[in-house]
Amino acid sequence: MEEELFRIGNSDFGVWCRSTAHTSYDNVYAVAIGTHGDECHVRAHKVIGSLAEGNLFAGFLVASLNVEGAATTLPHVYRECQEDLPRFRTWVVVVAGSAEDAILHRDVVEVRSDILNPHPESFCGVYFASNGNGCVKVGQTTYPLRTRIAQIQAGSPHRLYVCATITTGDRKAIEKEIHKSIAGQRLHGEWFNLTDDEAIALARQYGGREVQGGSKKATPLSPC
């Protein structure tokens with residue numbers, strides 16, 4: 001199962017990736033995204049290794065920058081990358097066949113879209129994403145729900161929508177408890193055999209609510 005896209009870093013600098021451990025860096029690229037005025041600039045750098053402080057991961061080392069200027073994710077290890085304007089505060093690490101493919105990678109496209117079109121509604125909690133055909137994903141996130149659904153949409157032939165949510169800072173524990181309570185209905189991973197009504201009722205047991213306005217009839221996605 002594909003690992004989830006997550007962010008490492010601080011409020012000023014961040015690296016988005018699906019993994020910090022690679023057995024080979026032959027096809028790994030770090031794509032820098034930066035804005036200057038109304039323009040958004042994207043550059044791909046070859047990743048040649050990772051940085052660490054003891055056993056603590058500190059970031060990715062890219063070929064076009066020396067160690068002192070390498071992209072790292074620990075605030076006390078961080079060094080400003082030696083780039084001309086714009087300053088690149090966001091990096092997305094992807095596996096791709098070339099630098100050009102890395103720039104067009106779906107993870108880069110999603111992060112770039114969020115930078116250019118920031119979503120005002122953040123979310124922290126458990127969500128129930130339905131495909132409208134009795135299949136519901138019960139997951140937890142700190143991303144805006146629009147961003148999270150966009151990330152998992154590629155794994156479903158039907159259009160997904162959020163039918164219920166539980167806003168909570170204890171999201172991991174509640175997600176785990178819910179997964180355990182409906183383990184007999186598990187289809188695969190975090191996907192369960194649930195109707196929308198069942199998912200909404202389950203969310204309400206934990207202080208959640210129904211999400212109004214979502215289409216109750218999912219439609220197949222057209223091929224790109």
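Read-outs: derived from the displayed coordinates by stated rules, not from any lab. Nothing here was measured: the structure is a model prediction, and the numbers come from that model. When we count neighbours, we look across all protein chains shown, and the Cβ atoms used for this are built from the backbone with ideal geometry, even at glycine.
Residues LYS137, LYS180, arranged from fewest to most other Cβ atoms within 10 angstrom of their Cβ, appear as LYS180, LYS137.
Panel order for GLU39, GLU198, by other beta carbons found within 10 Å of each beta carbon, from fewest to most: GLU39, GLU198. This ranking places THR165, THR142, THR20 by how few other beta-carbon atoms lie within 10 Å of each, fewest first, which gives THR142, THR20, THR165.
For segment 125-210, the alpha-carbon radius of gyration amounts to 0.96 times the rule-of-thumb value 2.2 N^0.38 Å expected for a compact globular protein.
Given their separation in residues at 0.36 nm each and the Cα-Cα distance between them, LEU187 and ASN27 gain 54.3 nm when the chain is fully extended.
Modelled spin-label separation between LYS180 and GLU3, with each label point placed 7 Å from Cα along the Cα-to-Cβ direction: 2.6 nm. Annotation for ILE48 and ARG159: the two label points, set 7 Å from Cα along the Cα-Cβ direction, are 4.8 nm apart. At full extension, THR167 and CYS124 could sit 14.9 nm farther apart than now, given 0.36 nm per residue minus the alpha carbon distance. Given a Förster radius of 22 Å and the C-beta distance between GLU110 and HIS41 as r, what FRET efficiency does 1/(1 + (r/R0)^6) yield to the nearest 0.05? Computed FRET efficiency for GLU110 and HIS41 comes out at 0.80.
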